[in-house]
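Just dropping this structure here.
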């Protein structure tokens, strides 16, 4: 069980990961991507969808999925620099 403060912190962290991952995906629009980069972008979208779905019933899982999406998205952006 999470305390109220732990829950609020996890919600903030989850929101931040989701926002960063979405911004990363948004910055990819119109850029040519390799097949591998497209696959990573698809995986980011999948993790984001799963995080949103898990949020109501398992915030810890949602946070983990959001963090995975964020890490993958940031790694993907680094491949484009």
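Every number in this text was worked out from the coordinates using simple rules, so none of it is lab data. Just so it is clear, the structure is predicted and the values come from calculations on it, not from any experiment. In this analysis, Cβ positions are derived from the backbone assuming ideal geometry, glycine residues included, and neighbour counts consider all displayed protein chains.
State the three equivalent ellipsoid semi-axes of the chain, derived from the C-alpha gyration tensor as the square roots of 5 times its eigenvalues, in descending order and whole Å.
27, 11, 8
Quick one: if you stick a label point 7 Å off each Cα along the C-beta vector at residue 12 and residue 27, how many nm between them?
Placing both labels 7 Å beyond Cα along the Cβ direction yields 2.4 nm.
Would you mind checking the tilt of helix 59-79 against the longest principal axis of the Cα atoms of the chain, expressed as 0 to 90 degrees and rounded to 10?
Its long axis makes an angle of about 20 degrees.
Still on this model: Provide the gained length on full extension for the span residue 49 to residue 1, in nm with one decimal, where the gain is 0.36 nm per separating residue minus the Cα-Cα distance. Let's see the in-between values first.
Numbers: separation 48, 0.36 × 48 = 17.28 nm, distance 2.41 nm.
Here the answer is 14.9 nm.
Helix-only estimate, please: 222 nm mean residue ellipticity of the chain, summing -39500 (n - 2.57) across DSSP H runs of length 4 or more and dividing by its residues, to the nearest 500. Write out the running numbers ahead of the final one.
Details: 3 runs with 66 residues, N = 81.
Theoretical 222 nm ellipticity from helices: -28500 deg cm²/dmol.
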